[in-house]
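Shown next, in structure tokens, is the structure this report addresses.
The values are calculated or read from the model by the stated rules, or taken from the named source; none is laboratory data. Remember, it's a predicted structure, so these values are computed and weren't measured experimentally. Methodologically, a virtual Cβ is constructed for each residue, glycine included, from the backbone with ideal geometry; neighbour enumeration extends over all protein chains shown.
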Protein chains: 2
Amino acid sequence: MECEEGLVPRGGGGKRAGRWRRALRRRLPVLRWLPRYDRVSAVADLVAGVTLGLTLVPQSIAYASLANLPVQYGLYSSFIGTMMYVLLGTVKEVSIGPTSLMALFTLQVCRGLPVEFVVLLTFLSGCVVLAMGLLRLGFLVELISPSVTSGFTSATAVIIVAAQLKGLLGLSFTAETVVENIRCIVAKWDDIRYADAALGAVCCSVLLLLRKVKDIPVSEKRGRLRRALWLLSISRNALVVLAASSFAYLTHHPNQPLFKLSGRVEPGLPSLAPPPFSAAVDNSTVHFVDMVQQLGSAVLMLPVVMVLANIAIAKAFCAGGRVDATQEMVTLGLCNMAGSLVHAMPTCGAFTRSAVSHASGVRTPAAGLYSGIITLLALIFLTQYFYFIPKACLSAVLICAVVFMVDVSAVRELWRRDRAELCVLALTFGVSVARTVELAVLAGALGSLAVLLRQLMRPALSATTLKTEAGSALVVHAGAGLVYVNAERVTRRVLALAGAGPRAVLLDCGALALLDHAAMQALERLAAALAAAGQRLVPYNVSADLLHKYEQLAGVERRAAGPRAGRRAGRRAPQSAPRAPLAAAEAAALLHR
Amino acid sequence: MECEEGLVPRGGGGKRAGRWRRALRRRLPVLRWLPRYDRVSAVADLVAGVTLGLTLVPQSIAYASLANLPVQYGLYSSFIGTMMYVLLGTVKEVSIGPTSLMALFTLQVCRGLPVEFVVLLTFLSGCVVLAMGLLRLGFLVELISPSVTSGFTSATAVIIVAAQLKGLLGLSFTAETVVENIRCIVAKWDDIRYADAALGAVCCSVLLLLRKVKDIPVSEKRGRLRRALWLLSISRNALVVLAASSFAYLTHHPNQPLFKLSGRVEPGLPSLAPPPFSAAVDNSTVHFVDMVQQLGSAVLMLPVVMVLANIAIAKAFCAGGRVDATQEMVTLGLCNMAGSLVHAMPTCGAFTRSAVSHASGVRTPAAGLYSGIITLLALIFLTQYFYFIPKACLSAVLICAVVFMVDVSAVRELWRRDRAELCVLALTFGVSVARTVELAVLAGALGSLAVLLRQLMRPALSATTLKTEAGSALVVHAGAGLVYVNAERVTRRVLALAGAGPRAVLLDCGALALLDHAAMQALERLAAALAAAGQRLVPYNVSADLLHKYEQLAGVERRAAGPRAGRRAGRRAPQSAPRAPLAAAEAAALLHR
């Protein structure tokens, strides 16, 4: 129902009407499942939606505080995306809202800038993602290799833990990098507030314990206990925040609060307003162009990361990875554009929440409606109590949410299998930690590209010498393809291999999937150089694809093979199926022509 | 004698002594040819060297004026490189000295800066080229595709012609771009000096005529006339400069010169001085770091272009393209570093001069010695007469030298064969003309990379359905390789092709030259997705290379094939020879296991 294969058109209606209906169903996926929505699904979605809401509310508050925004902005960012996804989303588990990555990005890009910049970033990111969807630029995401993703995800976790330690310990300072954070903590060691540190430690311990509670082996019979434990585990964030806040409320003393608290929160729903195209900084007005300049390349990089995260999650939860990437991008773009109308920070799907949805037995995207309503209720009725949420508790929620994102298994795996990719991972991680995630994604993408280019530049080249009745021949198989980055090297090596020995060089073009103009020219130069030494270049196994693209190659083959073979080459099957190893007799036949 | 194959060691001496001697001969190629140097070679080199000198002197003067330097700097730049190449060079035809490309680069990078910047650029470029040689970074040059080279070469010609038109017409103004130049010429149309314009026109006509003179059909018998015509053609630059200067000298009137002249030239040899690590700009001293910052990325891009040009020329004249690229880079680096001691501008091999050397029957690099001596003689005895060289004449020499560099045939060829590469050429050309050659090379390299990536991202995928006794199977051949940029797309397409039909997907790994970790993970996800639909993924034709790199793949194959086949896979030949198309019986066997 939720994935692309659900798009198979059903008969009825004229051809044009059918096409329109199909397009509408494709772009408004709610039409696919709503007609078949029943009571069983509704109950399942209600349970899943409420459970999700219990995760969404505390997470949103924590991510807002991570991004250095007043906590209500987290909730502003949660309900629009979650509710719009009901109409537009294709993957039932995805929950659009603030995420650790988005919050960290926002923090790094908008540090020290007024909240208008954050909202503008949300709007512009939404526009870019929408444009990527409409222009089918989703392939850009494929330039970010899994090692890069793994690198910056792990780095995100490390950065967030480092940044939240101060909250956990009740310290206040401004530090940008991981190193600065640690240095400041060491320097301010004596200022640690023990009440906050104790609360933080308790919260962390409880969260980690509750995380494990659902794995307690309970016999199949005691289903109700099992379900209770699971619910306890899933709603641990909400429970811990509730408990800590209650404790803070009960022990509250206006002049000397025991804990550092979140402080005054704007109550009620956000006002509806167009995205801010100007902002006040230091008593002067900054206009749109200057704001965009200030945001810089983040306006392009954030959307790419957003799409990457969202599609990765969608793929993980959609059987067989059959995700309608275009629809996901359009939806994500619209969610963010709409979010900017209610002062949202940038949002995308969150892996943790999607896992909660999945575990809660979600049936359709309608679950988002219920969690959205919970967020709205929290905004209307609970904001006054947010004052009492201890900062140490929020830091504990964040730390426990991200600490498992450190991807040690990928490092171990790459160490065994692909050291070059491991370097890319390390580069991405290092740049993330030392500079920004934005720069790291770029550096990692370039690093992966360099690894790929290195492979392309040094293609495997195997050569065998065949003795035939017409003299000896060197049979050369070039791997992958001949392109401008390796053509010179390959022809140089072929020349060296040929030496003054064989009468001819037989070049196997069977596995040659790539061949560009520069390589073609290099082959012509190779033929000329061989001819100067009285040797011949005979391409064979040339597929019709290559023949079609490069009549030149056909020319070389035809010249080498005579008119008879030329005609044969023209009649070849269009598909380059692998052929049998060249026998001496065949080689001799090639040479004889 | 001149190419790498001349390096075959000759017996005698201990093993270590032999290795040392070989290394020395490799790095000091003069040792290879000097012992065998004879009178015949000496005479041939003398003739070629003098002929080359007659081209080198006027070209050097013209290129200095193109770079906006006093004309003597052209000669300062010519003799050191030419003479050092005698000792270190491997290709007898190459003539190191100022070139149009180097002059244009110098002009664009050092516009409005004192000459110290030019000399520092020479020194730093030399250092970078030397480092590239020693660190074997020559492969960087392979990232610049032939279309890029063609694009910026053509653009160079267009830019130089546009910049020299003002000299040809006797106009004076400062303009940076082609468009500005043309706009200024139109604006100042009434200020055209008719004497200069007439002289320019005459010089151009004579140069173009003399260029054709050597092609006049003369019967074999009249060898002397033929040789005289050829010499006339080859030395046309020197003749035209000489004639124009003499005319200017004879008609000279101190108060009202008929032509715009080159003006006062510093006589004599340049003083020997270390490269300038500071310079005076606007009455203040600029230090090394600021100078380097001012030169910017040119310090890295100029060397790459230098090496590119030099190796291209070396390859063109060295039979079979067997060039010792490392030695060429070391030599070029040292030539420029030494050049900076005598105030040289950046230098590299020039195609026009190499062609002259070749046509003059050069035998060894010793010819450079004679052309170097001619340059020195010109510096010592002729500088006082350089005052009288008309600027229009130098412009004519430049225009006639570069106008044939516009590479229309490449455009025609690419139009027929490779439109994507044509776009890269156009991009490079456009950026060169609109901005700088430096930026254009970078943009072109990225453009070529994008074209290559596009090919990699959309690999050819052919699939056939085979009916076997064990049920139907989909046989998939993936071209080129599975890497992170295309793995997702390929697996998605395979899933779509598989649909709910066949029992298994047989993946032909025979032509799979590239396979990275991300692709491996995608294959595992594909296997899982297929398994969910009750289908199997069976990789076959897995080469030992791939097996070695990815035991996982072996695992998948082994799981699919049972223990018997697993052992067989381990025993496979290390080379991935093409195999016969899969027969139904074989496919059935694969499925049965």
- Item | Selection status of B:Ala487, on the phi > 0 side of the Ramachandran plot, within 14 Å of chain A (Cβ to nearest Cβ), crowded, with 22+ Cβ neighbours inside 10 Å and not polar (S, T, N, Q) | no
Criterion first (touching a residue at least 40 places away in the same chain (Cβ under 8 Å), out of contact with any Pro (no Cβ under 7 Å at 6 or more places or on another chain) and not in a helix (DSSP H, G or I)) does B:Val441 satisfy it?
no
Of the residues in the range A:490-501, those that are at the interface with another protein chain (Cβ under 8 Å from one of its Cβ atoms) and among the β-branched types (Val, Ile, Thr) come to A:Thr491
Restricting attention to the range B:149-196, the residues that are assigned to a helix (DSSP H, G or I) and either surrounded by 16 or more Cβ atoms within 10 Å (Cβ to Cβ) or not assigned by TED's automatic domain parsing to the domain that holds B:Leu302 (or both) number exactly 27
Among residues of the range B:280-325 being among the β-branched types (Val, Ile, Thr) and outside any helix (DSSP H, G or I), the residue nearest to B:Met132 (Cα to Cα) is B:Val323
Of the residues in the range B:462-471, those that are within 14 Å of another protein chain (Cβ to nearest Cβ) and touching a Leu at 6+ places or on another chain (Cβ under 8 Å) number 4
Residues of the range A:69-97 being in a loop (DSSP other than H, G, I, E, B) and touching a strand residue (DSSP E or B) at 6+ places or on another chain (Cβ under 9 Å), in sequence order, are A:Gly89, A:Val91, A:Glu93, A:Val94, A:Ser95
Expected single match for over 30 Å from B:Ala529 (Cα atoms) and not aliphatic (A, V, I, L, M) among A:Pro303, A:Pro275 is A:Pro275
Over the range A:422-452, the set of residues at the interface with another protein chain (Cβ under 10 Å from one of its Cβ atoms) and over 16 Å from A:Ile144 (Cβ atoms) is A:Leu422
Is at least one residue of the range B:106-113 within 14 Å of chain A (Cβ to nearest Cβ), touching a residue at least 24 places away in the same chain (Cβ under 8 Å) and under 18 Å from B:Val305 (Cβ atoms)?
no
Answer yes or no: is there a residue in the range A:214-226 that is modelled with pLDDT under 90, exposed (fewer than 14 other Cβ atoms within 10 Å of the Cβ) and under 22 Å from A:Val402 (Cβ atoms). yes
Filtering the range A:414-437 down to residues that are among the charged types (D, E, K, R), surrounded by 20 or more Cβ atoms within 10 Å (Cβ to Cβ) and not in a loop (DSSP other than H, G, I, E, B) yields A:Glu421
Among A:Ala445, A:Ala460, the single one that is aliphatic (A, V, I, L, M), surrounded by fewer than 21 Cβ atoms within 10 Å (Cβ to Cβ) and more than 21 Å from A:Leu546 (Cα to Cα) is A:Ala445
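Conditions tested, residue by residue: (1) more than 10 Å from chain A (Cβ to nearest Cβ); (2) of a type in the set (D, E, K, R); (3) surrounded by fewer than 21 Cβ atoms within 10 Å (Cβ to Cβ); (4) closer than 27 Å to A:Gly510 by Cβ.
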| residue | (1), (2), (3), (4) |
| --- | --- |
| B:Arg503 | yes, yes, yes, no |
| B:Leu506 | yes, no, no, yes |
| B:Ala513 | no, no, no, yes |
| B:Asp516 | no, yes, no, yes |
| B:Ala522 | no, no, no, yes |
| B:Ala533 | no, no, yes, no |
| B:Leu537 | yes, no, no, yes |
The helices (runs of 4 or more DSSP H) lying wholly within the range B:328-407 that contain at least 2 residues that are touching a residue at least 12 places away in the same chain (Cβ under 8 Å) and farther than 18 Å from B:Val71 by Cα are B:351-359, B:367-377, B:391-402
- Task: Answer with yes or no whether A:Glu469 is more than 22 Å from B:Ala519 (Cα to Cα), surrounded by fewer than 21 Cβ atoms within 10 Å (Cβ to Cβ) and among the acidic types (Asp, Glu).
- Result: yes
Per the filter on the range A:400-421, residues more than 14 Å from chain B (Cβ to nearest Cβ) and under 21 Å from the mean Cα position of the chain (by Cα) are A:Ala401, A:Val402, A:Val403, A:Phe404, A:Met405, A:Val406, A:Val408
